[in-house]
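Each remark here refers to the structure printed beneath this line.
The values are calculated or read from the model by the stated rules, or taken from the named source; none is laboratory data. Here the structure is a predicted model, which is why all the values come from computation and not from measurement. Heads up, the Cβs are rebuilt from the backbone with ideal geometry, glycines too, and the neighbour counts pull from every protein chain shown. Please note that ligands, DNA and RNA were not included when accessible areas were found on the heavy atoms of the full protein model with its side chains. Shrake-Rupley method; radii C 1.70, N 1.55, O 1.52, S 1.80 Å.
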Amino acid sequence: MKPNVLKIARLPDLLSERLYADYQVLEGSESGAELGATAADIRALVANGESRVTRELIGRLPALEVIVVFGVGYDGVDVQAAHERGISVTHTPDVLTDDVADFAMTLLLGIARRVAVADRFVREGAWADGPFPFTRKVSGARLGIVGLGRIGSAIARRALAFDMQIAYCGRRSRPVDYRYFATVRELAAEVDFLVVSANGGTDTHHLIDSAVLEALGSEGILVNVGRGSVVDEAALAKALGEHRLLGAALDVFEDEPWVHPGLLGLDNVLLTPHMASATWATRRAMSNLVVANLQAHFAGQPLPSPVPDSH
Ligand code: 8YV
């Protein structure tokens, strides 16, 4: 008999098709309220990086054995509640690192050189009336990275090719040549570009607040490819609207797909729909890793990419 799997997130068709082929798939919501008696037989839950898997949902699933996340971030999953019950949690690290780092540089260059605004300028015929205003130089500028994990380190490697001077902040200093700051505020005061590649969760909630934006200053640019919750979006919209910040480029938002209305009318902000890892190759690799984790679990084999106990 095929094991029962609960799917609570939108997943690429190529992954959904494989799940439907190998498992008895039920589609449900993050509350699980609609499941009724079917909840009793669910052995695996498939979510994505944005999903909320709460203690309540886990509590509704008495036979749950494994939670499989399609994404590297699992800040929405109550890992402690899962581990207390002996439920494993897996995610998809490494396979998306290059794409997210590539996209961070895309956003950084795109907002500094105002590519989206320049595109509109050409399309709207404004060029004939005069040249496009000058933009912000990237090569050689100072870059601050918030969260020097796998993705932050990959961003730093790319930025070195642009001769950027790299600094970072995080929970601890690492054995790297980049300058370390203990707080994000000190880091922001010393850089031209601040790139967020930090995890979400209570530790990093609104880490980028109005004080950090003020430290970054009116010549500073913010880029976020981590989690929307790390940035206080209302404070950011206000700072950008009052030109107390030069620009921001965001791929992630506090309440996706809702975007703070204060950001939508501004041309010093570049907005993309949480697409940093969304290339064909990487979504295929993430899908393969989800399938590999499920197969290993049901075969009693070690999981390829489990979430560690304390994170
Ligand atoms: C999403 C992400 O998971 O990996 C992560 O943590 O945020 C993304 O890759 C992806 O959008 C799937 O929903």
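Output the residues belonging to segment 192-245 that are among the β-branched types (V, I, T), open to solvent by 30 Å² or more (accessible area, probe 1.4 Å) and in contact with an Asp or Glu (Cβ under 8 Å, 6 or more places away or on another chain). Passing the criteria: none in range.
Under the condition of being more than 16 Å from the ligand (Cβ to nearest atom) and either part of a strand (DSSP E or B) or assigned by TED's automatic domain parsing to the domain that holds S153 (or both), the residues counted in segment 78-95 number 1. Taking (1) closer than 21 Å to Q301 by Cα; (2) open to solvent by 10 Å² or more (accessible area, probe 1.4 Å); (3) within 16 Å of the ligand (Cβ to nearest atom) in turn, V69 satisfies each apart from (2). Pull up segment 1-39, narrow it to residues that are hydrophobic (A, V, I, L, M, F, W, C) and in a helix (DSSP H, G or I), then point me to the one that is farthest from G59 (Cα to Cα). In this case the residue turns out to be L14.
Among the numbered conditions (1) open to solvent by less than 10 Å² (accessible area, probe 1.4 Å); (2) within 11 Å of the ligand (Cβ to nearest atom); (3) in the same structural domain as L160 (by TED's automatic domain parsing), the only one that S51 does not meet is (3). Out of all the residues in segment 282-309, which are among the small types (G, A, S), in contact (Cβ under 8 Å) with a residue 60 or more places away in the chain and exposed (fewer than 14 other Cβ atoms within 10 Å of the Cβ)? Once the filter is applied, which keeps residues that are among the small types (G, A, S), in contact (Cβ under 8 Å) with a residue 60 or more places away in the chain and exposed (fewer than 14 other Cβ atoms within 10 Å of the Cβ), segment 282-309 yields nothing. Here is the figure for segment 54-63: residues that are open to solvent by 10 Å² or more (accessible area, probe 1.4 Å) and either of a type outside the set (V, I, T) or at pLDDT below 95 (or both) total 6.
Can you tell me how many residues within segment 1-28 are without any contact (Cβ under 8 Å) to a residue 24 or more places away in the chain, polar (S, T, N, Q) and more than 16 Å from the ligand (Cβ to nearest atom)? Qualifying residue count, segment 1-28: 1. Just one of the numbered conditions (1) more than 16 Å from P304 (Cα to Cα); (2) within 16 Å of the ligand (Cβ to nearest atom); (3) open to solvent by less than 30 Å² (accessible area, probe 1.4 Å); (4) of a type outside the set (G, A, S) is not true of D75: (3).
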